[in-house]
Amino acid sequence: MIIFHNPQHHLHDGRQEMFRGRLVPCHENPSRLDYVLNELQRRPVGPLRQPGEPDLAPLHRVHSAPYLDFLARAWDDWVALNPANAELDILPSIWPVRGFRHEAPSTNFTARLGRFSFDSGSPITAGTWTAALAGARCAIDAALAVSGPAPESRAAMALTRPPGHHAGPDFFGGYCFINNAAVAAQTLRDAGARRVAVLDIDYHHGNGTQTIFYERGDVLTVSVHGDPRTEYPFYLGYADETGEGEGRGCNLNLPLPTGSDFATWRAALQQGLDAIARFGAEALVVSLGVDTFEGDPISQFKLASADYLQVGATLAGAGLPTVFVMEGGYAVAEVGINVVNVLQGFAG
Ligand code: Q9C
Ligand code: ZN
């Protein structure tokens, strides 16, 4: 297991998010990754590397050019509006919902912010773009490490934040800006895997990943998550979303009720892995969120720390070149233990 960690993750450091009607400290904060790195010092599972400067073509295949341009310039545009903005996070507050003109030519910063986002929980800060872009490099390098006729490794991880699976072709939200799992899957395709599966085991539905690949037949997307009838992101993640066009039959949602325990969750995971085997995937991307943990402050499943060892072993059973991509998990003191348990269980 080669781990590509994002040395610039701490540059994304939001002060506050809108949560239950008020601004609260961000759940998605730099300490999360520091806990994982600390646990990896105690229990190494393979070499730790920084990303290099890979070709970013896969990033540009999964996100639109206007969106990436917006993200790259957002902070400078924000501070140009008013120098005092340098002390403030950027949070959207208006969106073009039904009946509004998504492509309206408004150049107003707030209008553009709403056009490229879907919630008010995902602050953009001075270093967000730098951190997110370094994360995409981790995803590409991790995918390349398991690719080709003589791969360097059977498995690799993009250990990064901000997370990615809620980010779509041209929108951010759910603490996510660049969809690292989608970037990894596209990299695997470009490096020769004919069919790739993305298995999303974060507590929340991977709406961004689903949307990016929804009409593609070369990437199967599977997500096990809290039922969107009650759980974020609410507007996507139902079982009847199965793909369209070329992608018909290539999206599998496995929503589970609030409070589901490990036995229930593991049965859904097995269903997902069976679908991946039937699909004939030649490589696997795992969107690894550990917000399925019983102590997670914003989620409602009941996995215990020891269960993650079994999760890793079960994933290894798929027998595929595998790229892990770090997603959610907000019980910060246990995030390191839970993530490293998955990796250790995978390694066997
Ligand atoms: N009242 C990830 O785990 N906020 N994103 C929920 C509920 C958004 C989670 C607020 C949760 C996003 C990557
Ligand atoms: Zn999550």
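So is Pro255 part of a loop (DSSP other than H, G, I, E, B) and within 19 Å of the chain's Cα centre (by Cα) or not? Explain how you work it out, then say what you get.
Values: part of a loop (DSSP other than H, G, I, E, B): no; within 19 Å of the chain's Cα centre (by Cα): yes.
Considered against the rule, which asks whether it is part of a loop (DSSP other than H, G, I, E, B) and within 19 Å of the chain's Cα centre (by Cα), Pro255 comes out as no.
When Ser260 is evaluated against the numbered criteria (1) out of contact with any Phe, Trp or Tyr (no Cβ under 9 Å at 6 or more places or on another chain); (2) in contact (Cβ under 8 Å) with a residue 24 or more places away in the chain; (3) more than 16 Å from ligand 1 (Cβ to nearest atom); (4) assigned to a loop (DSSP other than H, G, I, E, B), which criterion, by number, is the only one it fails?
(1)
Please find, among Ala142, Ala134, the residue that is away from ligand 1 (no atom under 15 Å from the Cβ), within 15 Å of the chain's Cα centre (by Cα), under 17 Å from Ala74 (Cβ atoms) and touching a residue at least 60 places away in the same chain (Cβ under 8 Å).
Ala134
Would you please list the contacts, defined by Cβ atoms under 6 Å and residues six or more apart or on different chains, that run from a residue in segment 183-200 that is under 18 Å from Ala150 (Cβ atoms) to a residue that is part of a strand (DSSP E or B)?
Pairs that qualify, where the first residue is under 18 Å from Ala150 (Cβ atoms) and the partner is part of a strand (DSSP E or B), are Leu188/Val196; Leu188/Ala283; Ala193/Ala283.
Results for (1) among the hydroxyl-bearing types (Ser, Thr, Tyr); (2) surrounded by 15 or more Cβ atoms within 10 Å (Cβ to Cβ); (3) touching a Lys or Arg at 6+ places or on another chain (Cβ under 9 Å), shown as yes or no for each residue.
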site	(1), (2), (3)
His12	no, yes, yes
Arg20	no, no, no
Tyr35	yes, yes, no
Gly46	no, yes, no
Leu68	no, yes, no
Gly99	no, no, no
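Out of the residues in segment 294-314 that are away from ligand 2 (no atom under 15 Å from the Cβ) and part of a loop (DSSP other than H, G, I, E, B), state the one that is farthest from His205 (Cα to Cα).
Ranking the qualifying residues of segment 294-314, first place goes to Ala306.
Give the residue that is farthest from ligand 2 (Cβ to nearest atom), with candidates limited to residues of segment 230-250 that are in contact with a strand residue (DSSP E or B) (Cβ under 8 Å, 6 or more places away or on another chain) and closer than 22 Å to Ala263 by Cβ.
Selected residue: Ala239.
For the subset of segment 101-117 comprising residues that are within 16 Å of Asp69 (Cβ to Cβ) and among the aliphatic types (A, V, I, L, M), which member is surrounded by the fewest Cβ atoms within 10 Å (Cβ to Cβ)?
Among those residues, the one meeting the criterion is Ala111.
Can you list residue pairs whose Cβ atoms sit under 6 Å apart, with the first residue in segment 97-116 being in contact (Cβ under 8 Å) with a residue 40 or more places away in the chain and the second being surrounded by 15 or more Cβ atoms within 10 Å (Cβ to Cβ) and not in a loop (DSSP other than H, G, I, E, B)? Count only pairs 6 or more apart in sequence or on different chains.
Once the first residue is in contact (Cβ under 8 Å) with a residue 40 or more places away in the chain and sits in segment 97-116, its partners that are surrounded by 15 or more Cβ atoms within 10 Å (Cβ to Cβ) and not in a loop (DSSP other than H, G, I, E, B) give Phe116/Tyr67; Phe116/Phe70; Phe116/Phe171.
Do you know which of the residues in segment 274-293 that are within 16 Å of ligand 1 (Cβ to nearest atom) and in a loop (DSSP other than H, G, I, E, B) is farthest from the chain's Cα centre (by Cα)? Let's see the steps before the verdict.
Quick first cut of segment 274-293, residues within 16 Å of ligand 1 (Cβ to nearest atom) only: 285-293.
Checking which are in a loop (DSSP other than H, G, I, E, B) leaves us with 289-292.
Numbers: Gly289: 8, Val290: 12, Asp291: 12, Thr292: 14 Å.
This residue is Thr292.
Mind listing just one residue for me: the one in segment 322-348 that is assigned to a loop (DSSP other than H, G, I, E, B) and closer than 17 Å to Val222 by Cα and, of those, nearest to ligand 2 (Cβ to nearest atom)?
Of everything passing the filter in segment 322-348, Gly328 is nearest to ligand 2 (Cβ to nearest atom).
Among the residues of segment 76-97, write down those that are over 27 Å from the mean Cα position of the chain (by Cα) and either within 17 Å of Asp170 (Cα to Cα) or surrounded by 11 or more Cβ atoms within 10 Å (Cβ to Cβ) (or both).
Val79, Ala80, Leu81, Asn85
In the set Leu254, Leu309, which member is more than 16 Å from ligand 1 (Cβ to nearest atom) and within 19 Å of Val36 (Cα to Cα)?
Working: Leu254 fails: within 19 Å of Val36 (Cα to Cα).
Just a single option satisfies the conditions, and that option is Leu309.
Which one is nearest to Asp200 (Cα to Cα), of the residues in segment 150-170 that are surrounded by fewer than 24 Cβ atoms within 10 Å (Cβ to Cβ) and touching a residue at least 24 places away in the same chain (Cβ under 8 Å)? Show your work before the answer.
We begin by selecting, within segment 150-170, every residue surrounded by fewer than 24 Cβ atoms within 10 Å (Cβ to Cβ); these are 150-154, 169-170.
Among the residues that remain, those that are also touching a residue at least 24 places away in the same chain (Cβ under 8 Å) are: 151-154, 169-170.
Values: Pro151: 24, Glu152: 24, Ser153: 22, Arg154: 19, Pro169: 17, Asp170: 20 Å.
Ranking the candidates gives Pro169 first.
So which residues in segment 23-44 are away from ligand 2 (no atom under 16 Å from the Cβ), touching a strand residue (DSSP E or B) at 6+ places or on another chain (Cβ under 7 Å) and in contact (Cβ under 8 Å) with a residue 24 or more places away in the chain?
Passing the criteria: Leu37, Leu40.
Any read-out appearing in this document is the output of simple, stated calculations on the displayed coordinates, not a laboratory observation. Being a predicted model, the structure only gives us computed values, none of them experimental. Cβ atoms come from the backbone with ideal geometry, glycine included; neighbour counts cover every protein chain shown.
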